[in-house]
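We did not get these values from a lab; they are worked out from the coordinates using the rules stated. Predicted model, so just to flag it, every value in this text is computed and none were measured. Virtual Cβ from ideal backbone geometry, glycine too; neighbours counted across all protein chains shown.
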Amino acid sequence: MTEMPHINSGGCVDQPILRERGQHEVFCGLTSIIWLHRKMQDAFFLVVGSRTCAHLLQSAAGVMIFAEPRFATAILEETDLAGLADAQDELDREVARLLARRPDIRQLFLVGSCPSEVIKLDLARAAERLTEAHAPHVRVLSWSGSGIETTFTEGEDACLAAMVPGLPRGDSSNLLVVGALPDVVEDQARRLLADLGIAQVDWLPARRSDAAPQVGPNTRFILSQPFLGDTYAALERRGARPIAAPMPFGEEGTTAWLASIAQEFDIGPEHFARVTEAPRERARAAVARATETLAGKRIFFFPDSQLEIPLARFLARECAMEPVEVGSPFIHRQITAPDLALVPEGTPLSEGQDVDLQLDRLRAAAPDLTVCGLGLANPLEAEGLTTKWAIELVFTPVHFYEQAGDLAELFARPLRRKAALHLSPN
Ligand code: SF4
């Protein structure tokens with residue numbers, strides 16, 4: 001089959017983690033709407049926030065925010081309860097107008113923000129009330145994308161976790177893959193899982209609400225992204241059983257991820273090898289091209305996407321890079337254990353951020369490549385460091401065999417560019 005499914009010890013699993021709680025530099029959870037709205041074709045995300053929230057989304061993705069964020073802006077100046085009651089009425093009116101104009105909407109997400117949280121606007125109650133008002137045509141759910149203590153990938157986690165209680169119950173056996181991936185990547189994974197012989201594969205989120213997966217005691221689920229801790233817990237509460245695996249990045253990660261599923265569904269090693277042999281070979285060859293640039297280079301991760309630990313594992317084991325610090329906004333031990341087990345022992349790990357202290361460590365380490373947010377990248381480049389924007393890693397298709405080479409290339413490109421700049425005469 002494969003060499004290393006279900007490894008939950010060794011590597012960095014039991015290693016102490018440096019925990020920091022200070023100023024941090026990350027996008028907020030509203031950013032997730034940029035990829036979620038593309039994935040769920042009959043959903044609408046109504047942000048209840050301020051003009052800052054609208055600007056964030058409009059400038060980041062050109063997303064059309066229907067709700068004028070006047071609720072939050074107006075209410076911040078009105079601290080009395082009467083103001084809140086007005087806000088609820090206004091929200092009802094906006095939603096009614098939106099749904100009358102857009103009969104294609106079947107799922108409506110009310111997305112909370114810093115302003116709506118600060119004034120304690122109860123969006124969960126609003127969602128219940130609006131679901132009653134617009135059932136059965138539309139289901140209204142709420143989640144928070146607030147930037148207070150959250151990072152940008154947590155928006156997806158909050159959204160998917162909000163969907164779990166409403167998923168249909170069922171007793172039949174199915175595999176549920178969790179995480180919003182581009183359709184083309186999801187289709188590749190579906191083909192691999194079908195070739196392995198897994199009869200019923202569902203995805204959360206589904207592309208359309210009428211394809212929502214059933215969940216019950218015979219559902220086994222596996223994450224395709226490491227940042228879905230709340231969704232993981234919500235699925236366990238519904239009786240579904242998790243499958244532990246490294247994240248499907250690179251040839252090794254994808255093989256281990258599939259092998260964990262194969263083991264759970266009693267798929268024999270010969271059949272597994274037959275199905276995976278050719279794509280494994282393609283992935284290895286594609287990664288090898290980038291490894292010529294990456295091998296021996298030192299990499300430093302600032303905490304941004306929560307993809308840092310699986311990526312450090314991929315870059316260390318498949319591209320021969322040396323991670324000199326792997327920072328992550330949150331480290332969910334249970335979910336990341338299979339990846340942590342494969343990160344080289346002794347790699348410094350940090351959780352949370354105190355940006356000034358981390359910048360001191362970065363400068364002392366002087367790595368070849370720094371993965372960080374947009375706000376830090378430009379000043380660090382000005383200091384002579386080579387950087388990679390963390391947010392690109394969630395906007396680019398990077399999962400499974402066929403994307404393994406592209407994933408490695410994302411890290412090789414800035415290093416090649418820097419080398420070319422140094423070579424060019426001026
Ligand atoms: Fe800014 Fe908060 Fe709105 Fe995000 S939710 S854009 S952090 S105000």
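Here are the numbers for the structure shown:
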item	result
Principal-axis tilt of helix 269-294 within the chain, Cα atoms, nearest 10 degrees	80
Ranked list, fewest to most other Cβ atoms within 10 Å of each Cβ, for S224, S113, S260, S172	S172, S260, S224, S113
Proximal charge balance of M321 [Cβ under 10 Å; K/R count +1, D/E count -1]	0
Residue of V398, V26, V355 that the Gaussian network model of the chain assigns the largest fluctuation, springs spanning Cα pairs under 10 Å	V355
Net +/- balance of residues flanking A295 in space, Cβ distance below 15 Å, scoring K and R +1, D and E -1	+1
Whole-angstrom Cα spans of segment 275-382 along principal axes, big to small	48, 34, 25
Likely footprinting exposure, D171, D195, D339, fewest C-beta neighbours within 10 Å first	D171, D195, D339
Reciprocal mean inverse distance between Cα atoms of the chain - Kirkwood radius, Å	22.6
Nearest-ten-degree value, helix 355-365 long axis tilted from longest Cα axis of the chain	10
Net charge dipole size for the chain [Lys, Arg +1 and Asp, Glu -1 on Cβ; Debye, nearest 20]	740
Inter-label distance for F265 and S172, nm, one decimal - labels placed 7 Å from Cα along Cα-to-Cβ	1.4
Antiparallel bridges, percent of DSSP beta bridges restricted to the chain (to nearest 5)	0
For segment 174-244, size of Cβ-based charge dipole, Lys and Arg +1, Asp and Glu -1, in debye	180
Sequence-separation-based contact order of the chain, relative, with Cα cut under 8 Å and 6+ spacing, percent	20
Per-residue [θ]222 nm for the chain (sum of -39500 (n - 2.57) over DSSP H runs n ≥ 4, rounded to 500)	-14500 deg cm²/dmol
Neighbour-count order for D210, D122, fewest beta carbons within 10 angstrom listed first	D210, D122
